[in-house]
1. Based on what the data block shows, is residue 192 at pLDDT below 95, over 28 Å from residue 311 (Cβ atoms) and over 20 Å from the mean Cα position of the chain (by Cα)?
2. Which of the residues spanning the stretch 50-87 are of a type in the set (Val, Ile, Thr), more than 21 Å from residue 261 (Cβ to Cβ) and touching a residue at least 12 places away in the same chain (Cβ under 8 Å)?
3. Six or more apart or on different chains, Cβ atoms under 8 Å: show the pairs whose first residue is in the stretch 356-378 and farther than 28 Å from residue 150 by Cβ and whose second is in a strand (DSSP E or B) and basic (Lys, Arg).
4. Would you check if residue 238 is among the aliphatic types (A, V, I, L, M), under 24 Å from residue 387 (Cβ atoms) and not in a loop (DSSP other than H, G, I, E, B)?
5. Looking only at residues in the stretch 347-406 that are touching a Lys or Arg at 6+ places or on another chain (Cβ under 6 Å) and either farther than 30 Å from residue 477 by Cβ or not assigned by TED's automatic domain parsing to the domain that holds residue 317 (or both), which one is surrounded by the fewest Cβ atoms within 10 Å (Cβ to Cβ)?
6. Keeping to the stretch 389-426, report how many residues are in a strand (DSSP E or B) and touching a Phe, Trp or Tyr at 6+ places or on another chain (Cβ under 8 Å).
7. Of all residues in the stretch 512-560 being within 23 Å of the chain's Cα centre (by Cα) and within 24 Å of residue 205 (Cα to Cα), which is modelled with the lowest pLDDT?
8. How many residues does the stretch 430-453 hold that are surrounded by 20 or more Cβ atoms within 10 Å (Cβ to Cβ) and not aliphatic (A, V, I, L, M)?
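The values are calculated or read from the model by the stated rules, or taken from the named source; none is laboratory data. Since the structure is predicted, the reported quantities are computational estimates derived from the model, not experimental observations. We place every Cβ from the backbone using ideal geometry, glycine too, and count neighbours over all the protein chains shown.
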Amino acid sequence: MTWWISAHQTLPATFFSSAFPFPANDVALSQDGRKVAMVAYSDQSNKYVIWTQDVGGRRATIVPGTEDGFHPFWSPDGRSIGFFSQGKLKKVDVFSGRSAQVICDAPHGRGGAWNRDGVILFSPDGFAGLSRVSSAGGTPTAVTQVDASRSEFSHRWPVFLPDGRHYLYLAANFSGKLEKNEIFLGSLDSSAKRPIVSASSNAAYADPGYLLYLRDNALVAQRFDTHNYVLSGEPHSISDEVQYFPLLDLGVFDVAGKDTLVVQTGKGANKSQMVWFDRNGTQVGTVGKPSVLANPRISPDGRRVVIDQTDSDGRHDNIWIYGVGNEAADRLTFSAAADQLPIWSPDSKHIVFGSNQRFHFTLYQKNSDGSGSPQEIADLGAEQQGPWDWSRDGKYLLVMKNAEVWYLSAPDWQAKPFLQGKAPFRNAQFSPDGRWVAYSTNESRNWEVYITPFPSANGKWQVSRGGGEEPRWRRDGKELFYLSGEGKMMAVPVKTDSNFEAGAPVALFQTHTRQQISFMDVFSYDVTGDGQRFLINTKVDDPGAAPLSIILNWASEMER
């Protein structure tokens, strides 16, 4: 009898911290629960990469070829990792050392799952349903369609159930209607879907029958029947300190069976700081405190900085204005939606930004002194809309329309196309005289910086070499700055008199920017008008940031 009791005794849960020395932005457990993949910064490559570590092991190893990778997921045999990088869905064999292979396009991937039949189910974009593709590569096929009648923004974070045919996914809304967010059940063999539970996060399934998801900022587990596909009982709280990205509806956790659970706690894992640097890369000051922030822009008069910042409740992203040289900050917008990508008017009196208050993003304007209400100025009829730049004479706005660049003409803000093509265009910036536009595109497979005349766009000049993004002009139009593929701040002398001429790019210093979170997270830095100081959204190495937490025999907590 003693041996029977011992064999059937439930072991208590064991809690310990990973030896991984810094927090992870995303995690994925292999199906056997023995290895964890993590997205974190590499000082050696100056990029975010995917690391792997044996659960309970002392060392973590960088997976070659995963630079700029995010949202990893494992193959069923635990040999390969699928992930997203540079607009592609990729896979890499963890043990062979071979370079990563491109499977298909995925402009803004939002999670994937891999079944035993070699089918990868994934979310290719932040505004789309799920698609499927062979793990060997090929043309993706749409599997789900977002339901506008439910105010669905996208389908994301798919996970396969044990039969490899049924799956779970999040139908997400990002316009403040949290009651619309729901985990659904789908099948590769049918277009039917079934609601499972209201939630605003990814879900994970664990044998012998548990569903894990976030509820009220806590990670909970609930009994789940994989024959009838229904939940039962009450959700049981597992952790109330899970790192959560509200702009993605993503909690950083994963589970393998009833034995292994990994959780990144929410202390300092995704904060950044606006830091001033001189041309030598010397830190010369800061603006504000470390926070979850993005898209810094310096006012034309040089006195203020505007950003979009996530509130302390982790649910709202609004526009804030900081004074240069002090900690004072004023909140400019108060909507329950996402207000992002702010830019200044030439006289510093107005802010234009993108907001999804009306389900998809549209363009709004508000007085920078806080007076009045935000006014919608344009709706281009696209999911992705936001401002890039405002011409110095105040006559034109360069704006994002999905992957294209359009321009609006004041005062009625009529829209016309400017840059269109098969490749995406972004970070378009007017030259000070308004005759040229600098922008970046990956039409050559690598992101590079180009110049084209405005408004004709009847020619172009490549400025960067070996990779480049985020161009910025010096106020006199005689120098152009950009970030290289290695994250170095580059400077290029330019002439914009009768024709455009560019000199050789020169590296100024190495930057350490925070990893992009959402598709509207596009401005990593700004530069003062004289080109002498750079305000960079810099990743924070918080010594108090909690390490990755590992819970063994976590399901025993359910049986108390």
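1. Details: at pLDDT below 95: yes; over 28 Å from residue 311 (Cβ atoms): yes; over 20 Å from the mean Cα position of the chain (by Cα): yes.
Yes.
2. Of the stretch 50-87, the ones of a type in the set (Val, Ile, Thr) are 50, 52, 55, 61-63, 66, 81.
Remaining after also requiring more than 21 Å from residue 261 (Cβ to Cβ): 61-63, 66.
Correct list: 62, 63, 66.
3. From residues that are farther than 28 Å from residue 150 by Cβ, the pairs are 368/304; 372/366; 373/366; 375/366.
4. On the way: among the aliphatic types (A, V, I, L, M): yes; under 24 Å from residue 387 (Cβ atoms): no; not in a loop (DSSP other than H, G, I, E, B): yes.
Here the answer is no, as residue 238 does not meet what is asked.
5. In this case the residue turns out to be 382.
6. Narrowing the stretch 389-426 to residues in a strand (DSSP E or B): 389-390, 396-401, 404-409, 414-419, 425-426.
Going one step further and asking which of them are touching a Phe, Trp or Tyr at 6+ places or on another chain (Cβ under 8 Å), we end up with 389-390, 396-400, 404-409, 415-419, 425-426.
Total satisfying the criteria: 20.
7. If we take residues in the stretch 512-560 being within 23 Å of the chain's Cα centre (by Cα) and within 24 Å of residue 205 (Cα to Cα), then 547 is modelled with the lowest pLDDT.
8. The first filter runs over the stretch 430-453 and keeps only residues surrounded by 20 or more Cβ atoms within 10 Å (Cβ to Cβ), leaving 430-431, 436-441, 447-452.
Filter again for not aliphatic (A, V, I, L, M), leaving 430-431, 436, 439-441, 447-448, 450, 452.
Matching residues across the stretch 430-453 total 10.
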